1. Residues B:GLU178, B:GLU114, B:GLU188: which one is more than 23 Å from C:ALA182 (Cα to Cα) and in contact (Cβ under 8 Å) with a residue 12 or more places away in the chain?
2. Can you tell me which residues in the stretch C:77-106 are out of contact with any Phe, Trp or Tyr (no Cβ under 7 Å at 6 or more places or on another chain), surrounded by 22 or more Cβ atoms within 10 Å (Cβ to Cβ) and hydrophobic (A, V, I, L, M, F, W, C)?
3. Report whether or not B:PHE248 is in contact (Cβ under 8 Å) with a residue 40 or more places away in the chain, of a type in the set (A, V, I, L, M, F, W, C) and under 18 Å from B:LEU327 (Cβ atoms).
4. Would you mind telling me which numbered condition in (1) of a type in the set (D, E, K, R); (2) exposed (fewer than 12 other Cβ atoms within 10 Å of the Cβ); (3) facing chain C (nearest Cβ under 10 Å) A:ASP43 fails?
5. Got a sec? Which of C:ILE25, C:ILE19 is in contact with a Cys (Cβ under 9 Å, 6 or more places away or on another chain), without any contact (Cβ under 8 Å) to a residue 12 or more places away in the chain and more than 19 Å from C:CYS275 (Cβ to Cβ)?
6. Tell me which residues, restricted to the stretch A:57-70, are away from chain C (no Cβ under 13 Å) and modelled with pLDDT of 90 or more.
7. Restricting to the stretch C:218-263, count the residues that are of a type in the set (S, T, N, Q), modelled with pLDDT under 80 and over 15 Å from C:ASP59 (Cβ atoms).
8. Are there any helices (runs of 4 or more DSSP H) wholly within the stretch B:83-166 with 3 or more residues that are crowded, with 23+ Cβ neighbours inside 10 Å and more than 9 Å from every other protein chain (Cβ to nearest Cβ), and if so which?
Amino acid sequence: MKKRYITLTVYLVVIMLPIYWMLNMSLRTNADIMAQLVFFPTDITFSNYMKIFTDPAWYNGYINSIIYVVLNTIICLVTALPAAYAFSRFSFIGDKHVFFWLLTNRMSPAAVFLLPFFQLYSTFGLIDTHIAVAMAHCLFNIPLTVWILEGFISGVPIEIDEMAFIDGYKFPRFFFFVFVPLIRSGIGVAAFFCFMFSWVELLFARTLTTTAAKPIAATMTRTVSASGLDWGLLAAAGILTIVPGALVIYFVRNYLAKGFALGRV
Amino acid sequence: MAQINLDEIAHSYLPDVQKEDEYALKRIHNIWDDGGAYALLGPSGCGKTTLLNIISGLLKPSSGRVKFGDIDVTDLPPEKRNIAQVFQFPVLYDTMTVFNNLAFPLKNRGFDKEYIDKRVREVAQILELEPFLNKRAEGLGADAKQKISLGRGLVREDVAAILFDEPLTVIDPQLKWELRCKLKEIHEKLQLTLIYVTHDQVEALTFADKIIVMYEGWIVQVGTPQELFEYPNHKFVGYFIGSPGMNFIPCTMEGDQIKVGDALIPVDKKTAALAKAAKGKLEMGIRPLYLKVSQSPDEEGFDVPVTGVEDQGSHRIISVDFQGFTLKARIAENDPIPESTARICFSKEWIRLFADEKLLK
Amino acid sequence: MKKWQDNKGWLFILPVFLIVAFSAIVPLMTVVNYSIQDIFGPGQSVFVGTEWFREVLRDQRLHEALWRQLLFSGLVLLIEMPLGIGIALLMPAKKGFGASLVLVTLALPLLIPWNVIGTIWIIFTRPDIGLMGAAINAMGLTFDHTASGLHAWITLMLMEVWHWTPLVALLAYAGLQSIPPAYYQAAKIDGASSWSIFRYIQLPKMRGVLTIALLLRFMDSFLIYAEPFVLTGGGPGNTTTFLSIYLVKIAVGQFDLGPAGAFSLIYFLIVLLFCYLFYQALLNVGGGKES
């Protein structure tokens, strides 16, 4: 018992090191950073964070990112759940092919899609809107969500569905009250990945927005100035990009950590 | 193992337990004879799976001891007790063939190949799994899979008891019957102790020699199906067993007769005496089967309005209003259904009296 | 696994199908269009058929980039898959403070924008302002990813494993959590060893999530752009110029949409081929999902 926790702890500490280092830098001025290497900073300053909180260009970036990421996660989950259910439970013409085809949409480098997407969304007048980025991210997030959910749904024996129908459940009631609780782990994981891939995605978000919906990741590339990279500011912004995602995984942790429960007696 | 002895078992899933109602099992003190077929019957949440897991060793009781014969096994893990367990849904090693599934428990215990081969084939024959031995377990139907689960218990010659946790839940109705027959066959042939958990009384009544009725963590009654039907110790047993369950009406005693509202119902002297001496809320119970609907107006009984009729196929159930209480009576297939009034007769020998929900006898 | 034969399945998948198809078809047509034309300027182009494809396939530097890419992705899979599964097995199973702490910590590297990841590792490995750089220096070793190809690769691999192993671990963990306790109980009664439990219960039951993890990691590592670009820019020299970086060099650097289009299609087909092979292999390992 002990041994496994030691290994795990070591691994987690190693993971945290670069992040801790970012935190370290975010609390110091650029001059301080370049001057010396300290494990525990002595001259702590919050000026980097203050700049972000007070400069609209910065904090709007966060808000914009959160908006389109949440939009994207909702769209993906809502459309992918029925699709995943169908791929798992139904056998229909072309099912295996469509399933694999979905995933192929993640197999091209993003660079390929940039110009066509720009032209497409321009035509609809959707440039610089949150929905444009949310929809663009659907291209790679929906297939992933469908794949993840399908795996979890297939882990639930189809006999459970059949029993419920025999017991007289109508489909919507069965789906929401009986089935969804059984695949909580999967929904939690899928929601997290949707959020994550959309949150860190840079190319589409930058290309499809100009000012009103500009995401934080794009703003961060502005920290290059004549004097080189503004390390402190960049570090602070980096730390702040982790926070929303950390909150998301905190909220879905119960879905991940809870096991599958087949009835109770 | 000669018998299974549960000595003052109590169990709570909570770490710091104070009140009685936080116990999943309140006090289980029971001896089960070797070779019997027992059913643990009760509604959801009554503690039957908890008890089963304590017997098999998957759960260690908060207090009390479990003994197999003279040996205290409370601290022994499941693989060291001579038990096998079949779960609610088929639990198999999907990537293995049927043969390897059955062989698995023996391989883990270090038996040699020839012995394993012999035992697996023997068990496969009993369970009619021979044609599937070389197939992957994954692709088979639910009933075959449950047989394999059962088979893994049977291959071990040291297994003396097999525990079943609602094993027919995912089986198709027509196959349920076949599997039940197979279980009975195995019981007769191998003389193993079988303990079968279910919430379905039909399963319990057809399967078991003795039924243990549980309710809210207590053992309410242990008895043969007939005993439970005719002499339910507790109102709950009267209500739970039988379809529909026993009729219960609050009553009082007037002299040697039971008084319900304005009506007086004669009852035998012994029961009357018990009732008069009893303390607590008095109730009369009679099963719909024994609440006779008389065809002749001369028979001693009561004329009551009929409030409903249900058709159950082989018989019908009528509901009547007696002194403000609804009673159900069973009418045999060929008897006529009364239209608006019926004459009901309380057969003395089948009237049961309960004080504070416990049978007076 | 049993399924119901019913074409109404199409109704369920319709929204997904429409959204994705719509987003995919337009760019696909555009790319195909570019790949078969020589574009001089806006509105001026000449049909050249398969010329770009042939030129791209003859490109020596493309072959080199391809080999580097294959090596990179291969290493990624070899390290991240077992490591991720191992971590998942070590993680606490019950709800509670421990599980929450581990989950949140584990997920942190995944949540950082990819350009920032590159920046973090630039700093981290610098001997003057970086913890790891300074530590290595203190041990008397010289480590410079801007000068040595090997060091660049090591840094990249460290960064990549650090960044993405949690993905495999999270997927594997969620898969493990979905195994009903009855399987472990039955295994106990059968007297199974920890290794048997892993091999016959856990691994098979994780097949779905592990397939996803494998395919995702292969795809994403094969298409990787931002992190190595920020860290090394493809250097020193060409040592870390992977396929995506090379593609962008052609498209943007030389501004040649024709060869870029052809390359994109070929790139896509390579990824598709590998994914298809992995997918079929994993499908058949367990005797098939649809059996």
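1. B:GLU178
2. Across the stretch C:77-106, the qualifying residues are C:ILE85, C:VAL102, C:LEU103, C:LEU106.
3. When the stated conditions are applied, B:PHE248 passes them.
4. That leaves (3) as the condition not met.
5. Numbers: C:ILE25 fails: in contact with a Cys (Cβ under 9 Å, 6 or more places away or on another chain).
Checking each option against the conditions leaves just C:ILE19.
6. Passing the criteria: A:ILE67, A:TYR68, A:VAL70.
7. Going through the stretch C:218-263, the residues of a type in the set (S, T, N, Q) turn out to be C:221, C:232, C:238-241, C:244, C:254.
With modelled with pLDDT under 80 added as a condition, the list becomes C:254.
Then keep just the ones that are over 15 Å from C:ASP59 (Cβ atoms); that gives none.
Final tally of qualifying residues: 0.
8. B:98-108, B:142-154
The values are calculated or read from the model by the stated rules, or taken from the named source; none is laboratory data. Please read all numbers here as calculations on a predicted model, not as lab measurements. Cβ: placed from backbone, ideal geometry, glycine included. Neighbour counts: every protein chain shown.
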